[in-house]
Each structure stands twice: as structure tokens, then as C-alpha cells.
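Take a look at the structure below.
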Number of protein chains: 2
Amino acid sequence: MRRFVIGQAKNLIDHTRRLHHHKSLLSLAASDSAPVLSSSRLFSSSSDMSGSDSSSSSLPVTLDSINPKVLKCEYAVRGEIVNIAQRLQEDLTINKDAYSFDEIIYCNIGNPHSLGQQPITFFREVLALCSHTALLDESATHGLFSSDSIERAWKILDQIPGKATGAYSHSQGIKGLRDAIAAGIEARDGFPADPNDIFMTDGATPGVHLMMQLLISSEKDGILCPIPQYPLYSASIALLGGSLVPYYLDEASGWGLEISELKKQLEEARSKGISVRAMAVINPGNPTGQVLAEENQREIVDFCKREGLVLLADEVYQENVYVPDKKFHSFKKVARSMGYGEKDICLVSFQSISKGYYGECGKRGGYMEVTGFTSDVREQIYKLASVNLCSNTSGQILASLVMSPPKPGDDSYDLYVAEKEGILSSLAKRAKTLEEALNKLEGVTCNRAEGAMYVFPCINLPQKAIAAAEAAKTAPDAFYCKRLLHATGIVVVPGSGFRQVPGTWHFRCTILPQEDKIPAIVNRLTEFHKSFMDEFRN
Amino acid sequence: MRRFVIGQAKNLIDHTRRLHHHKSLLSLAASDSAPVLSSSRLFSSSSDMSGSDSSSSSLPVTLDSINPKVLKCEYAVRGEIVNIAQRLQEDLTINKDAYSFDEIIYCNIGNPHSLGQQPITFFREVLALCSHTALLDESATHGLFSSDSIERAWKILDQIPGKATGAYSHSQGIKGLRDAIAAGIEARDGFPADPNDIFMTDGATPGVHLMMQLLISSEKDGILCPIPQYPLYSASIALLGGSLVPYYLDEASGWGLEISELKKQLEEARSKGISVRAMAVINPGNPTGQVLAEENQREIVDFCKREGLVLLADEVYQENVYVPDKKFHSFKKVARSMGYGEKDICLVSFQSISKGYYGECGKRGGYMEVTGFTSDVREQIYKLASVNLCSNTSGQILASLVMSPPKPGDDSYDLYVAEKEGILSSLAKRAKTLEEALNKLEGVTCNRAEGAMYVFPCINLPQKAIAAAEAAKTAPDAFYCKRLLHATGIVVVPGSGFRQVPGTWHFRCTILPQEDKIPAIVNRLTEFHKSFMDEFRN
């Protein structure tokens, strides 16, 4: 286990060598001068120390002496395949002729702006004005910015003591911005939200880590997680030494979430002496793209209440719903509409500025709405937030804007609506096109991407491909994805990185490349898949 | 232990009640209508659940069921006294007449902009242009921004794929920005720095957490930390379940760091079966303000090399040196000048945009320079960074600017130098004034603030005050600091929050209030201290 990265690197070198000598593989021209990746180039390092010399080194830190929980942690979304892609990208600039493609297309991660999506103008105008407040005193500014962005910037600055966006804020975030977020939640749900329940975070990730840190003491503490899951959950649980208690989503019914499965897994975990503390739900689903029906959400709320579980609701894709027959409902709205209040259920909702139509991943903003905890436990959550001082104020400002965008009549409103609708309708089209294209491939079935930013097709790999993957000491879907990358430059993440029903194979591909690129991606994917099947068909 | 927060809250209520009925206490007018803080108002919460009802609640999370490491963690810089201050501040707006002061002055934390320090214009210009890139296409922009800020913004954007500041970056940070940082380190040290050794972080805090997470598996792993220390270290070690191995700085010799003390503590820890993994050094010191002599740094490097310790160098105050006889030397420069390279010593240097003359705390930027680790351990550090995706790009941009500010001849240069020198020379004056004022107080001795942002005086408290504190179930220095807060509105942090030689008492006070406020602060402090001593003198 401890040497798995080195093992992976070695597999990769072997695999790359094979690829470069496999004349039949699509049009990836192999030649003796073709670039062969060396293991030392796989990871950036200034030193001339290769991994294998660590045992002979006199340095005090070795893989054997570091925290074993770190070794156990995996994060496929930025794992091996992305490292290969980054090196290929570097090589592409030097050895252009060695490749049949001219760019690497990163479909491994929900990172819209990296694939050409433009930011919402209003959001960035406000951010610029809050970044350099002297602009607000210049008359020329009125010619460069919308009037409501200027107004909003003033409003935000007035809410910050001394207008100092460069100061640490309250540990939970700037109070006035939390007021705006709470108002946005109320408008969305039709139920009250309290700004004091909002903890602003650098994206959803630190919020999830914080709640896991609160709940997990040892391997005796379990967290129910969907399988397939976004690997932040497995990584965070591994780092804290807890137990991931899986519940499998039913692919055949469009990644359905069955209460009977939850009960079964909960009982099984309890029979092993695991105290299950919380249930994580990702809605809309990542990597699976399903949107939960409200009735299903009610069942989940009742299950958590009955079983004494904290409901961790990952709702970062709340704006990403693409089908007319589904609608996003927050778990808080569902719980409140069932008559459950603060004293009935512990519920944490995570939101992020990285997703939705805004896609501001690099700005690292988000919040969690924490409800149903006693005040003494709340104090502990507050203390954990305080140790990190505060989330970044640019992200805080964007989080408030996302939850309180321009309103009808505002100077920016028409542009805002056009930008938002343009992005969301295009994403819906791209999801549909990719889903349909994937379903046409031999041995591939792909559920509807009802929401989120991904398709997650099942690939029925031929036995010969599985054997070849085994020989290469790699998971079959990772084998497929690496082949795809080397043949087409398209980066997707193997299903094994998200966990899946044993013996099934998937990959996750974002729907984020710009619309004009989708046909070429479909063609390359289709062509590759045919060639792969031709090579490995039983 | 678990109920300590509640206990503290109750002590506070008692204390506040006492304060409000103690007619002799300075001019803090007590009346029956004076505000009495209730424990439920101490922490923000929407619920009507007080801490004491957790045992009767049916909710699944109680203090007894959360991670005990969280309960053990303490973070005084944003702890009890700040909560009291925030409530006092709220009350001040309503019950103005009940107080002898008209504002709360937060000297508890190094947060310069919150106390009126202005951001460096060039930094904010570049940030605004990178936040709203459409500005770069407008001719009016040239009238509003310096020419080098426009050039720099273009340069930065050209280094970001697709100019997308809204995209997740490389897990270590945007490569071009790391190039600028590495160049800045080289210029500072005169030794090479590699951009691939730079891991950009949301302030220094997440970097410290990451390294602790790598090194600590259990209470058998120890980290040598200075005492007094910045409580991030004790908090991080507590959260990971490791052992803080203290080494005491010698107050009598200006917070000297003696190798004999290091050896003694190391041996004592080892005799208890603790494997000491690393040594944390804060230079310039926090809360102690000393600047290490180069010769002392050499001894520390040799000690770490000899004993097989990772040297964790907290160098966030590297720009904050106020005395002509001291100079900042990075530990990497010192190690390299001794002839020690990558293979000789594991060294991590932490830098932050929150400190220095820039003080951009709210933007959460920083980096760690990681040298001397084998590539397989480096991969694990990279993986940990990847789980959090990346640090925020606004912070990344500022970190690059801090390490590559305007140069002579640049349009912004003169203004930049004036702003920087103005801030640093004023900080030096403020440090001197506060140090001198404190040394004039009965029973108070204060070492020179050679660097950083704090004075850390020793207060020789009368036995009667210690007894009164004991009766109030609070540490004597916390008792003093709370009295100070209620009498003057000045917020400082008790020395017990940083740990100290048992039986000695201190507080940490930032030197950050604007220069024109310092005389009033000195007066209020002096007046309070006299009154306190009059009340408690033996």
C-alpha cells in the first residue's frame, strides 16, 4: 500500500512505453524519438532524489515514518491521471508531432472557467470595486461599471468594519454578507434562515473537513456515504481515521437512493461496532448526476431523524438542474416542510461558489448552514472555524453575491439573466449530447445527467481488456481512461476513484467543454472506443 | 475538561456581574440597568437551546460524543476574551452611557487593516484588474491605474491558462506566480529557489496544518515548539492527537533560544517514548517579538540536522524587523550558507501575505517552501494539497506581488516605497512607545519588540490579584486582561493562551493601533494598571 504511488508511476512508465510502441493504437504515432515519461518527471521536485532512494537517505522523513492515514488517503480527481496529463501537456509543446491531438482537454474536474466559461460580469465588477476601493471615488468609474455594481460594492464595504476587505473577518464570515446569504436561503426555501447559522468557508471542502473533524474520533465512528461518491468524502474520512459506511446508489433506477439499502448498511456497520454519526447526501449527485425527488428526500430526513444521524447535505450543484421534470429542493426546506425544527434534526447544508452557473472555483468561497446543534456543540464548531481565522474575503463577497444576485430593475439584471441562462441552457445541451453519444457506444450505458456537471457512464469492458489491465497492475477503468488520454488528450477520471459496485467499471467526464468543442470530443471518444473494443473485444 | 467553555462562560457572567457592581473600578459606571451578559448571548446561535440542555436533548451530537481532540484544542487569540469583546461592542452601541470608553480596540490579533492600516496601492490595483479583466480592454483604465499595475496584471493573466482567475489552479498554485515567488526568495537569500518547491496556501495556517498532518500519527509523535508560542501550533497538534514538546525561551536574555534547553527537552521527550519529528521556530517571534541572531540560527540548523528533525520555520514576520542591530535571515539561507543542501536537512519555510507591511489578512494568501524531502514523501504532500484543490487565486496573486514588488523605475515605485516605509517606520515607533510605557508600570517588564507585531510584557501580579483570579476560577493573567477590557475597551490576549513559564504572567498586545491612537491607549492602560494595583497591591 505504502509504495502505491511509486508502483503507479512504474506502471505508467511501462504503459507509456507500450503505448509509444503500439503502432496500431489509433493515430498516436509511435517513433523511437517519441517522448517517454520518466518517473522523476511525474512529480515536480527540485531535488535529484528519486523516490527509490528514500531508504538510503539520511533524511528523517520517509514513507514509513509519516502518518499512515495520509498514505491511505486517495483523491482520484487530482490523482495519477491528472499528473500524466500535465506531463503530456508539457511534452505536447515540445514534441507536437508525436501526438494526434493538439491540446489536453481537462474533463476530470468541475472547473468551468478553465474550459472557457466566462465569469458573471456583475460578480466580477463588484469584486474589482471591493478589491481597489479607491475606484469608488473616481468619476471615471461610472463609465466602466454598472450602477448596481457600484451600489452593491458600497453596501458591502459599509458592512465591513473600516471598509477593510484586507482584514480578518469574524470567524464565521462578515456579518453583513451572512445576512445576505440568509436572506437568499429564505427566498429560495420559503423558511427562515439565521445569519448566525452561516459559517463561510474557502469552498465547500473545508466545511466538510470541519464537520468530519467534529464527528470522527476513531475507526469506530462511521459516516454513511453514497457509492459512487465524490472522493473528498473518502479522503476526509481516511485522513481522520474514521470508517466510510457505504450505501450503494442503484444505477438501474437512475442512481436511485433506497432506504432499504441505507438500513441494511447501517445495521451491518452497527453489527461491527461502528457508531454511525452522519449521512452524507450529494444532491444533485456527484459523480452520478441524479436529482433526488422530494419524496425521497423526506424519507432520508425521516431516516436520519429516526436513526440519530447528522444529515450532511452537499448541495453545491443546487443551480445545476437540466431536466424539466426535476427540481432542486434543499434538505432544510424539506425538513422544515415536514414540521421538523431545530430540536428535531441536525442538518448541515454545504454550498460553494465553484459550481452553479458561476463556477468561481479559483476564488474558493462557500458556506455551510449549520442547524440543529446544541449551543455547546456550536461553540466547538465556532472554535474549529476560529483556528483557521476566517475564509478569504473575496470568496466571502462572491458567496454573498451568488445568494443575492441582481434583481429585476437593476442595471445589471438583463445582462446577468442572459449570462446565467446562456450558461445553464448550454450545459443542459452538452449533458444531453454527451449522454446520447455515450449510449451509442458498444457496451456503454449512461444514465441521464439530470443535474451537476458530469456524465458517469458504465463501460462493459471485455475480458481481454480486464486481463490486460491486470497485467499492467491497474484497475480496468483506469486502464481505459489512460488509453483514452494518450489517444485523444481527453482527461476523465476512472470510476474506481469514486468507488462503484465491484465488477462494474465507469468513468466520470465533465460536461464543461464549450459547446463548439463537444462534437470533436464526441468524435474522438467514439473513434477511440471503437479502436479500443477492436483491440480487446472477446 | 469537556465542560470548560461552559465553565468559562459562567465565570464570565459572575465576573461581569461583579464588575458591574464594583463601584470603585475606574470610571466604568455600574448601575442596576447596566448590561449583564448572558451565557446564551456569548456565542451566536439561532436556536433557543442553551448549552446546559444538551443532556436532555434528543439530538445525536453532544459534547460527550464529539471528537475529544476538538474539545482539547484551544485557540486563545480568538477565544473567550474576543467573544466578550464582541458582545461588549454590540452593547456599546445600545448602552453607550454605561461605558467609560467609546470603542473596542482589538489588540488581540495581528490584523493591521482592521485598525486602519491601508493596503499597498499597487497590490490592490493589480488585484482589481485581475478580478475584472474586462477593465484591461478599456482606455479609461489607463487614467485610473498605474502603468506597471496594468503591465503586471497582463503578465499574471498570461501565466494563467485561459486567463481564468476563476479556475482552480494547479494544486501547488499557478506556476507563473510560483516562478515570481521563487525569484523573490532567490533575491532575498542569494541562494537558488525552485518554483516546484513552492506550495501556495490560504495564509500560513493551512500549510502548518498540512505539515503537522504529515508528521503526526499519534501522541507518540512530538513537535518541539517554543514556549511562549503562537497557539496555532498547540491547536494543530491537539487536533491531530500529537505531543507538543515545549522548549522555553529565556525571557531574561530577550527571549533567547538556548540549544541546551532544546537538548534537555528533546531527551526528556525521548525518555517518555515520544518520537520527536520536527522543531517549530517562529522568527521573528510571536508572541515574543525577538529576532534570532544568525549564529543562533546556525546552531538550530545543526541541532535539527544532528537530531533528525524537520525544521518548520515560521517566517511570516520576515518584513517586520524594527531595530537596526537585527536583521532577518531565512533558515534556508542560513542552512545553504553552511553548505547544507537538499540531502542534508528537511526544511519548510512558511510565509504569509497577512503580515509584513502588507497585512492582507482577509485575502488569505501565503506559501510554504518545502525542501529536503524525498520525492515519494513530496508526492504525499502534493496529495494533501490536492485534496483541498488549491488556495484562492486572489491570495495567490497577492503572494506573488509581495515577493516581487515594484522595482526602481516602475511607475508605482515611489508610491510603493513611501507606503511601505511609512508603515514600517510607524510600526517601529509604536513598538518603542508601547515597550517604554509598559516598562514604566509597576511590576511590569517588557522585552524589546525587535520584530513581529506584538509586545509581550511580564506582569508581576500581586498575591491578592492571584487569589481573586483563583476565586473567579480564571487564570490570573486572564483575570487581568478581562479587567483591562471592561475598564478600557482594549482587547489583549492573556499569556496563558500562549503558554509560559509556570508562575509567570503575561499578555500579548499588538502594536497595530494607528499612531495617533497610541497615546490614548498608553494613558488608558497606565490608568487601569494603577487602579488595578491599588486594588490588589499586597
| said: For a quick check of understanding: with a 1.4 angstrom probe and all protein chains in place, what accessible area in square angstrom does B:Ser425 have, to the nearest ten? | reply: 60
| message | Ordered shortest first, which distances in nm separate the 7 Å Cα→C-beta label point of B:Val501 from those of the other copies? | response | 6.9
| What does a probe at A:Gln159 reach in segment A:336-357, counting residues whose amide N is under 15 Å from the point 7 Å along Cα→Cβ? | none
| query | Would you list B:Ser236, B:Ser217 from the most to the least accessible area, probe 1.4 Å? | reply | B:Ser217, B:Ser236
| note | Given a Förster distance of 30 Å, the FRET efficiency implied by the Cβ-Cβ spacing of A:Asp414 and A:Phe191, rounded to the nearest 0.05, works out to 0.50
| Inter-copy label distances at A:Gly422, 7 Å along the Cα→beta-carbon direction, one decimal in nm, shortest first? | 4.2
| query | How much accessible area does A:Arg270 have with a 1.4 Å probe, in Å² rounded to the nearest 10? | reply | 100
| task | Find the centroid of the Cα atoms in segment B:474-538 and in segment A:289-331, then give the distance between the two in whole Å. | result | 51
| message | Is the C-alpha gyration tensor of segment B:191-402 telling us rounded, prolate or oblate? Criteria: a/c under 1.5 is rounded; beyond that, a/b larger than b/c is prolate, otherwise oblate. | response | rounded
| message | I want to make sure I understand the PRE zone here: with the label point 7 angstrom from the Cα of B:Thr445 toward its beta carbon, which residues in segment B:502-533 have backbone N atoms less than 13 Å away? | response | B:504-505
| said: In whole percent, and with a 1.4 Å probe on the protein chains, what portion of the accessible area of chain A is carbon and sulfur? | reply: 51
| message | Can you give me the distance in nm between label points at A:Ala140 and A:Met338, each placed 7 Å from the Cα along the Cα-to-Cβ direction? | response | 5.8
| Between 0 and 90°, nearest 10: helix A:175-189 axis offset from chain A longest Cα axis | 80
| Copies compared at A:Glu258 - label distances in nm, ascending, label defined 7 Å from Cα in the Cβ direction | 7.1
| query | How far is helix B:121-131 tilted off the main Cα axis of chain B, in degrees rounded to 10, range 0 to 90? | reply | 70
| field | Cα long-axis angle, helix A:413-439 against chain A (0 to 90 degrees, to the nearest 10) | value | 30
| field | Residue-normalised accessible area of the protein assembly as shown, expressed per residue, 1.4 Å probe, Å² | value | 34
| query | So for B:Tyr106, B:Tyr248, what's the accessible-area order with a 1.4 Å probe, most first? | reply | B:Tyr248, B:Tyr106
| task | Calculate, in nm to one decimal, what A:Ile259 and A:Ser275 gain on full extension: separation in residues at 0.36 nm each, minus their alpha carbon distance. | result | 3.9 nm
| query | How much accessible area does B:Lys175 have with a 1.4 Å probe, in Å² rounded to the nearest 10? | reply | 90
| Relative to a virtual label point 7 Å from the Cα of A:Lys464 in the Cα→beta-carbon direction, which members of segment A:508-538 show backbone nitrogen distances below 12 Å? | A:531-538
| task | With r as the distance between the Cβ atoms of B:Gln514 and B:Gln89 and R0 = 25 Å, compute the FRET efficiency 1/(1 + (r/R0)^6) and round to 0.05. | result | 0.85
| field | Ellipticity estimate at 222 nm from DSSP helix runs (n ≥ 4, -39,500 (n - 2.57)) divided over the protein assembly as shown, nearest 500 | value | -13500 deg cm²/dmol
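The values are calculated or read from the model by the stated rules, or taken from the named source; none is laboratory data. Quick caveat, the model's predicted, so the values are computed rather than measured. Heads up, the Cβs are rebuilt from the backbone with ideal geometry, glycines too, and the neighbour counts pull from every protein chain shown. Note: areas computed on protein heavy atoms with side chains; ligands, DNA, RNA excluded. Shrake-Rupley method; radii C 1.70, N 1.55, O 1.52, S 1.80 Å.
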